[in-house]
1. List the residues, sorted by chain then number, that are 5 or more residues from Tyr252 or on another chain and whose placed amide H is less than 5 Å from its amide H.
2. Using bins 10 angstrom wide from zero, how does P(r) for the stretch 218-309 break down, in % of all Cα pairs?
3. Would you list Phe113, Phe175, Phe96 from fewest to most Cβ contacts within 10 Å?
4. When you count, for each residue, the other Cβ atoms within 10 Å and take the mean per peptide, how do 43-52, 289-298, 66-75 rank with the highest first?
5. Would you work out which of Gly74, Asn209, Ser325 lies farthest towards the positive end of the dipole of the chain? Charges go on Cβ: Lys and Arg +1, Asp and Glu -1.
6. What's the lysine pair count for the stretch 202-355 at a Cα cut-off below 27 Å, pairs eight or more apart or interchain?
7. Magnitude of the Cβ-charge dipole of the chain, K/R +1 and D/E -1, about the Cα centre, nearest 20 debye?
8. Return the aspartates and glutamates within reach of Lys24: Cα separation strictly under 20 angstrom, same-chain partners fewer than 8 residues apart disregarded; answer none if there are no such residues.
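What follows draws every value from the coordinates through simple rules; no lab data is involved. Not measured: the values here are computed from a predicted model. Positions of Cβ are backbone-derived with ideal geometry, glycine not excepted, and every protein chain shown enters the neighbour counts.
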Amino acid sequence: MVQERSFYTATNSDAEAVSATISKDTLTLIALDPSTADDSVTVTVTATDSLGKKATQIVYVQVTPAAGDASGDGIVNSADAVLVLNNVVGKGDYTFVQVAAMDANKDGKVNSFDASLILQYAVGKIKSLDGSSKAADVAGKITWGETEQIAEEGLIKLPLVLETRNGNGTFSVDFAGSFDAEQFTIEAVDFNNLPEGWMSAYHVSEDGNVKVALAGATPMTDREVALLTLRKVADLDVVSISGSGYINGITYDMAELAIREIPTEFALEQNYPNPFNPSTTIKYALPEVADVKIEVYNVMGQRVQTLVNARGVKAGTYTLRADFSSLASGMYIYKIEARSENQSFVQTKMMKLIK
C-alpha cells in the first residue's frame, strides 16, 4: 500500500506585515511589523497531495501593536503619548487598533493616565505595560481659580487649579467643560505652569465644549494647570461654564461657575419700567467687594422698604426685581449705600408707582 504525501505552501496578502512559512505540516506566522489598520492580513495555505489534488484554507491574521504603541511603529515613546492626549480631547481620527493600543493599563478606557504610563515606560520608570499599573486615588479636585477681567477687550481669564491633600501621586489631569457659545468663545488655553516634561492637549468645539488633557512621567503638586481665555460675545451681566475634572482618570465633579462682569465703577441705574405697577427692576454695579444696603423712602423721608442689606457682596453687576404691592401710589426715593475697603458710594433716584 502506497502512503499519500501532501505538500503545503503558504502566501500572504501583506509580506511587509507577516512572514508565512511552512515546515512539513506546521504553518508559522511571524509578525514583521505591527499595523494600526483595522484590516486583517490574509494568509492562504494550499495543500497538494501526491496525486496533484489541491485544497486551500484561508487564515485571517491581525498584527496589532504592543500596548502603548499607538503609532504602530514598534516603539513606545512620547509620540504615542501625544496621540493618546489628542484622542482624549477629540483631535484626530484613530482606528480601533490604535485606540486599543492606547489603553496602556488595559482597563478598557483611554484617558490621560494611559499617556502618563506611556511616558513613564519611555523613561524607564515602569518596566512594562502589562496592566499592572493602576491609578493612584489622589484626594483632591480640579477647581475654578480667581477670574481676571479685561473689560475694555471683553476678555475673561479663567484659571483651572489642581488642589490635593496628598498631591504626590498626580500623574494626569483632565478637564471637560461645556458653555453656551452664544455667551462667549474660548480664544485660547495656555499651559504656563506645568512641571518639566509634562505634555498637554486641548480642543474647543463650536457647539460649546472644551477638553483639556495633561500627563507627565513625574507627579505634579498643587498649582494652576491651565488658563482659559474667554471672550464675551453677548451683552450679559453673567455668563456661566460647567465641567468635570479628572485626576489620574478618576472623575471629580465641579460646580457650575457663574462669572459676573466686573464694572469699573459704582453705579445705580434708573429703575425700569418707570412709572410702574406694582413691580420694577433696579440694577446696580460694584467694582469691588462691598457691604450693600438699598432702601426705599417716601417723599416725607420715611423708610418704607429695605430691598438689600448684605455684607461682602462680590464685585459685579446685579439686577433686582422689586415688588411694591403693599405701597400706595406716589413718588418714592430709592437709595444705595455701598462701602468697600477703599471707598464709599451713596446715590439716590426717584421712581413713580401708579396703581
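1. Correct list: Gly245, Tyr246, Ile247.
2. For the stretch 218-309, the binned pair fractions read 10, 28, 26, 18, 11, 5, 1, 0 percent.
3. The fewest-first ordering by Cβ neighbours comes to Phe96, Phe175, Phe113.
4. Ranking, from highest mean packing down: 66-75, 289-298, 43-52.
5. About the Cα centre, the residue reaching furthest to the positive side is Ser325.
6. 19
7. The dipole of the chain has a size of about 1180 debye.
8. Straight-line reach from Lys24, under 20 Å: Glu4, Asp49.
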